[in-house]
1. Listed residues V136, V131; which is closer than 19 Å to G242 by Cα and either at pLDDT below 95 or touching a Ser or Thr at 6+ places or on another chain (Cβ under 8 Å) (or both)?
2. How many residues does region 318-342 hold that are at pLDDT 95 or above and either under 13 Å from T189 (Cβ atoms) or part of a loop (DSSP other than H, G, I, E, B) (or both)?
3. From the list A51, A99, which one is assigned to a helix (DSSP H, G or I), surrounded by fewer than 18 Cβ atoms within 10 Å (Cβ to Cβ) and out of contact with any helix residue (DSSP H, G or I) (no Cβ under 9 Å at 6 or more places or on another chain)?
4. Identify all residues within region 232-257 that are aliphatic (A, V, I, L, M) and at pLDDT 80 or above; write none if there are none.
5. Does S331 meet the test of being near the ligand (Cβ under 7 Å from one of its atoms), outside the structural domain of I230 (by TED's automatic domain parsing) and surrounded by 16 or more Cβ atoms within 10 Å (Cβ to Cβ)?
6. Would you confirm, using the coordinates I've provided, whether V226 is surrounded by 12 or more Cβ atoms within 10 Å (Cβ to Cβ), more than 30 Å from I320 (Cβ to Cβ) and β-branched (V, I, T)?
7. Restricting to region 191-226, what's the tally of residues that are touching a residue at least 12 places away in the same chain (Cβ under 8 Å) and in contact with a Lys or Arg (Cβ under 8 Å, 6 or more places away or on another chain)?
8. Here are Q381, Q345: which of them is in contact (Cβ under 8 Å) with a residue 40 or more places away in the chain, near the ligand (Cβ under 9 Å from one of its atoms) and either assigned to a loop (DSSP other than H, G, I, E, B) or outside the structural domain of T166 (by TED's automatic domain parsing) (or both)?
Amino acid sequence: MRQIIVDKDRCTLCEICIPVCPFGALALVGDEIKVTESCNLCGACVPECPAEAIEVTGPAPEEVDLSGWHGIWVFAEQTDGRLAGVVLELLAEARRMAAVTGEEVSAVLAGEGTRDLQPELIAHGADRVYVAEDSVLASFRDETYVTVIASLVQHHQPSVILFGATARGRSLAPRLAARLGTGLTADCTELDVDETGLLIQTRPAFGGNIMATIVCRRHRPQMATVRPRILQADAPDYDREGEIVDVRVDGPALQVRTLLLEAVEEEQGIMIEDADIIVAGGRGLGGPEGFEILFDLAKTLGGAVGVSRPVVDAGWIPYIHQVGQTGKTVSPSIYIACGISGAVQHMAGMRSADTIIAINKNPDAPIFNVATYGLVGDLFQIIPNLKREITNARR
Ligand SMILES: Cc1cc2nc3c(=O)[nH]c(=O)nc-3n(C[C@H](O)[C@H](O)[C@H](O)COP(=O)(O)OP(=O)(O)OC[C@H]3O[C@@H](n4cnc5c(N)ncnc54)[C@H](O)[C@@H]3O)c2cc1C
């Protein structure tokens, strides 16, 4: 069994190793450094010990043969024959990675009545589209989608599979990773690949205070979900050629335990991820009733309303409006932040907006550090004035 051993004879009890451990697994207990059960054998402490008293012992992990796994796949999420925008962003990224590894890019399309999407996927970078068409796949369900994609993966052995970090991607990818016995890095903000095909996945960690780089060295496929609107889609090239591969869907194998009676779409106006103008509100709005002026301004501007997390946690506004690390990433032309302090976790979701306008009564609020324009004052006075000026200017 592999374990970390601290040699008591060499250890000088300098305690340098204790803060170095990212998992807080080392502690001074009595007159020795103890390794607790939080240790995950990362070995970060080993090179830091000036007395060379720490070592990782036990048999090295067995070599694994990854040579049979090739190709970069993108899950082509669609609803009623419309592709999710993130699919085109992922295809562009997959093409950039394929230029490094020399592999092919494939899209995996499941559903019913999806034929029209196949040329679109090829134009945006797929060399091949695996099409699983069946009425049982018409509505998205984890159970059926996991079964179909897992069997495709086992047969074709792709090296990488990318998913949008959408509600569906976030639900499907972990189940598929568990079924395939591989790892998954969720909510990546950056991807890269080396010439051996190792996927280098970057995502915020520890509450957004560090960016972690994660690799999956010993298992395939390498799986990641990526937030929408972080990557850039390429312009389509309708002269590109690609192969369509029909996938046999084994109906009986897709027996599901649940029956979908009806899919009801929520009335939600413009979604923040699609909006060109977002009027966002935070705790400074004081309560759900405070949001009336925000919805009013958003309507005047033809935009959508975004919110910070405490607003959702307090139940003032539903989660679909949340911007930030644990909400959505948006990149509108204009982002008006009202009564939002500008915590890193909020800014992780909106700092790529072209123009940021901040309204806050605290002149030292961090949001002003990223704002293009800042208005210091009471939002309940500023917003109605702003709306009046906009309405007058349009007359
Ligand atoms: C792991 C983790 C993930 C997180 N994910 C997210 C996330 O996805 N999105 C997110 O937003 N947060 C997230 N948070 C929470 C985040 O750290 C902050 O707590 C949050 O963003 C603060 O929200 P706020 O700016 O609305 O509230 P506050 O920080 O309380 O700020 C309210 C602001 O309103 C101003 N104000 C008050 N009254 C008025 C007025 N009348 N006129 C003008 N200004 C006024 C105040 O000066 C203040 O700056 C996360 C936190 C953690 C630990």
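The values are calculated or read from the model by the stated rules, or taken from the named source; none is laboratory data. Remember, it's a predicted structure, so these values are computed and weren't measured experimentally. For neighbour counting, all protein chains shown are included, and Cβ atoms are generated from backbone atoms with ideal geometry for every residue, glycine included.
1. Criteria check complete, one pass: V131.
2. Final tally of qualifying residues: 4.
3. Step by step, each of A51, A99 is checked, and only A99 is assigned to a helix (DSSP H, G or I), surrounded by fewer than 18 Cβ atoms within 10 Å (Cβ to Cβ) and out of contact with any helix residue (DSSP H, G or I) (no Cβ under 9 Å at 6 or more places or on another chain).
4. A233, A235, I244, V245, V247, V249
5. The answer is no for S331.
6. Values: surrounded by 12 or more Cβ atoms within 10 Å (Cβ to Cβ): yes; more than 30 Å from I320 (Cβ to Cβ): no; β-branched (V, I, T): yes.
No; evaluated as a whole, the condition is false for this residue.
7. Number of matching residues: 4.
8. Q345
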